[in-house]
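Enquirer: Before anything else, here's the structure in question.
The values are calculated or read from the model by the stated rules, or taken from the named source; none is laboratory data. Predicted model, so just to flag it, every value in this text is computed and none were measured. Counting neighbours? That spans all protein chains shown, and the Cβs are built from the backbone with ideal geometry, glycine included. Remember, those area values only see protein heavy atoms, side chains included, never the ligands or the DNA or RNA. Shrake-Rupley method; radii C 1.70, N 1.55, O 1.52, S 1.80 Å.
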Amino acid sequence: MAPRTSPDPARRSERSRAAVLAAAHELVSEVGFGKLTIEAIAARAGVGKQTIYRWWPSKGAVVFDAFLAATGQGGDIALPDTGDLAADLRTVLRGSADELTDPALDRTYRALSAEILNDPALQAEYRTRLLDPLLEVTRDRFRTARETGRIPSDTDLDLAVELLYGPLYYRWMHQLGPLDHDHADRLVDAVLRALGADG
């Protein structure tokens, strides 16, 4: 007869954490951020409320982690570098457009965007774990293009990054029109023209 072993607390904790994130993602899609409560997340996940507060300081923090888990983000962010700047940027913006228009993520991301404006701690988490790494790898891709002569040597890299992402998020935030691959491609073309890209 095999000896009895006690349950692994780490495995149990990871199961509970995954259940909380799944519950938060489901509930914010169902009821919206405003009506979402820690109590409802705990009940859906089958954990105690204190379990959630032990790992997250606020409802916004739980939803942010749920968003990262649902999108597979939060780890190392990488951009393609095939040597073809236009193709690489199209790949990036098409992916961003797909995420923003995914019905399973749209409501969560809109709720987070509003909450980030009012919660400095959540804004710091968002900057540190998602936005700043994305901006940095995009800046690096433009830097490579500048070093290889694809864009002018005096290109302002920060401005280039803002030109790339800004219009996409503005269109999404204000629901000004469809966010599809055709729009993403036209945006890349416009950015490269504005930067005076070579070819």
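Enquirer: Check Leu122, Leu130, Leu164, Leu134 and return the single one that is of a type in the set (A, V, I, L, M), closer than 17 Å to Ile77 by Cβ and at pLDDT below 90.
Expert: Leu130
Enquirer: A further question follows. Restricting region 21-47 to residues that are in a loop (DSSP other than H, G, I, E, B) and more than 19 Å from the chain's Cα centre (by Cα), which is nearest to Phe67 (Cα to Cα)?
Expert: Out of the qualifying residues, it is Leu36.
Enquirer: Collect the residues in region 73-95 that are of a type outside the set (A, V, I, L, M, F, W, C), open to solvent by 10 Å² or more (accessible area, probe 1.4 Å) and within 19 Å of the chain's Cα centre (by Cα), keeping them in residue-number order. Write out each step before concluding.
Expert: Step one: filter region 73-95 for residues of a type outside the set (A, V, I, L, M, F, W, C), giving 73-76, 80-84, 88, 90-91, 94-95.
The next check asks that each one be open to solvent by 10 Å² or more (accessible area, probe 1.4 Å); those that pass are 73-76, 80-84, 90-91, 94-95.
Result: Gln73, Gly74, Gly75, Asp76, Pro80, Arg90, Thr91, Arg94, Gly95.
Enquirer: Looking at (1) surrounded by 13 or more Cβ atoms within 10 Å (Cβ to Cβ); (2) part of a helix (DSSP H, G or I); (3) at pLDDT 85 or above; (4) of a type outside the set (Asp, Glu), which is the only condition Ala18 fails?
Expert: (1)
Enquirer: Output the residue which, of all residues in region 99-109 that are among the charged types (D, E, K, R) and free of Cβ contacts under 8 Å to residues at least 60 places away in the same chain, is surrounded by the most Cβ atoms within 10 Å (Cβ to Cβ).
Expert: That would be Glu99.
Enquirer: A further question follows. Pull up region 32-72, narrow it to residues that are more than 20 Å from Asp102 (Cα to Cα) and aromatic (Phe, Trp, Tyr), then point me to the one that is surrounded by the most Cβ atoms within 10 Å (Cβ to Cβ).
Expert: Among them, the one singled out is Trp56.
Enquirer: Pairs needed: first member in region 122-139, over 17 Å from Ala111 (Cβ atoms); second member anywhere, β-branched (Val, Ile, Thr); C-beta distance under 6 Å; at least 6 residues apart or different chains.
Expert: Pro133/Ile77; Leu134/Ile77; Leu135/Val161; Val137/Ile77; Thr138/Val161; Arg139/Val161
Enquirer: Any chance you could count how many residues in region 68-124 are among the acidic types (Asp, Glu) and within 26 Å of Gly149 (Cα to Cα)?
Expert: Selection size over region 68-124: 3.
Enquirer: Considering each of Leu68, Leu79, Leu105 in turn, give the residue that is of a type in the set (A, V, I, L, M, F, W, C) and not in a helix (DSSP H, G or I).
Expert: Leu79
Enquirer: Here is a further query. If we keep just the residues of region 117-155 that are closer than 15 Å to Val92 by Cβ and among the polar types (S, T, N, Q), which is most open to solvent (accessible area, probe 1.4 Å)?
Expert: Result: Thr144.
Enquirer: Another question about this same structure. Can you work out which of the residues in region 158-183 that are open to solvent by 50 Å² or more (accessible area, probe 1.4 Å) and aliphatic (A, V, I, L, M) is farthest from Arg141 (Cα to Cα)?
Expert: Going through the qualifying residues, I end up with Leu176.
Enquirer: Hey, could you check region 184-199 for residues that are closer than 11 Å to Arg90 by Cβ and in contact with a helix residue (DSSP H, G or I) (Cβ under 8 Å, 6 or more places away or on another chain) and say which is surrounded by the fewest Cβ atoms within 10 Å (Cβ to Cβ)?
Expert: Kept after step one, since they are closer than 11 Å to Arg90 by Cβ, are these residues of region 184-199: 184-189, 191-192.
Next cut, in contact with a helix residue (DSSP H, G or I) (Cβ under 8 Å, 6 or more places away or on another chain) only: 184-185, 187-189, 191-192.
Details: Ala184: 21, Asp185: 16, Leu187: 22, Val188: 22, Asp189: 14, Val191: 23, Leu192: 21.
Across region 184-199, the extreme among qualifying residues is Asp189.
Enquirer: Next question, about the same structure. Out of all the residues in region 138-157, is one or more part of a helix (DSSP H, G or I), among the small types (Gly, Ala, Ser) and out of contact with any helix residue (DSSP H, G or I) (no Cβ under 9 Å at 6 or more places or on another chain)?
Expert: So far as region 138-157 goes, no, none of its residues is part of a helix (DSSP H, G or I), among the small types (Gly, Ala, Ser) and out of contact with any helix residue (DSSP H, G or I) (no Cβ under 9 Å at 6 or more places or on another chain).
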